[in-house]
1. In square angstrom, what is the accessible area per residue of the chain with a 1.4 angstrom probe?
2. Would you be so kind as to identify which of S39, S15, L26 lies farthest towards the positive end of the dipole of the chain, taking Lys and Arg as +1 and Asp and Glu as -1 on Cβ and the Cα centre as origin?
3. Can you divide the C-alpha Rg of the chain by 2.2 N^0.38 Å and report the result to two decimal places?
4. What full-extension length gain, to one decimal in nm, is calculated for N51 and K16 as 0.36 nm per residue of separation minus the Cα-Cα distance?
5. Go ahead and collect, in residue order, the members of the stretch 1-35 whose backbone nitrogen is under 19 Å from a label point 7 Å along the Cα-Cβ direction of N59.
6. Where the only charges are on Cβ atoms (+1 Lys, Arg; -1 Asp, Glu), what is the dipole of the chain about its Cα centre, to the nearest 20 debye?
Amino acid sequence: MEKFRLHLFNLIKMSKAQPSIINICLGNVSADMDSVVGSMALSYYYFLKHNINYIPVINLRKSEL
């Protein structure tokens, strides 16, 4: 879990450093729990298996998270 957390923080840094090169993994617009987890897991899978960085995007306000 620690490797995953560090991966997410590195994605944030990367997206700020190179804003024109951003891949996203978007969950369902309902933002239910399986969409949130699925978006995060799929983005991490792409990184581990294909070495492609994707940023998981969740469709809700930070206060709702």
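1. Result: 78 Å² of accessible area for each residue.
2. Towards the positive end, the residue furthest out is S15.
3. 1.09
4. Gain on extension, N51 to K16, equals 10.7 nm.
5. Of the residues in the stretch 1-35, 23-35 have backbone N under 19 Å from the label point off N59.
6. Taking the Cα centre of the chain as origin, the dipole is about 300 debye.
The values are calculated or read from the model by the stated rules, or taken from the named source; none is laboratory data. Remember, predicted model here, so these are calculated numbers, not experimental data. When we count neighbours, we look across all protein chains shown, and the Cβ atoms used for this are built from the backbone with ideal geometry, even at glycine. With ligands, DNA and RNA removed, areas are computed over all heavy atoms of the protein, side chains included. Shrake-Rupley method; radii C 1.70, N 1.55, O 1.52, S 1.80 Å.
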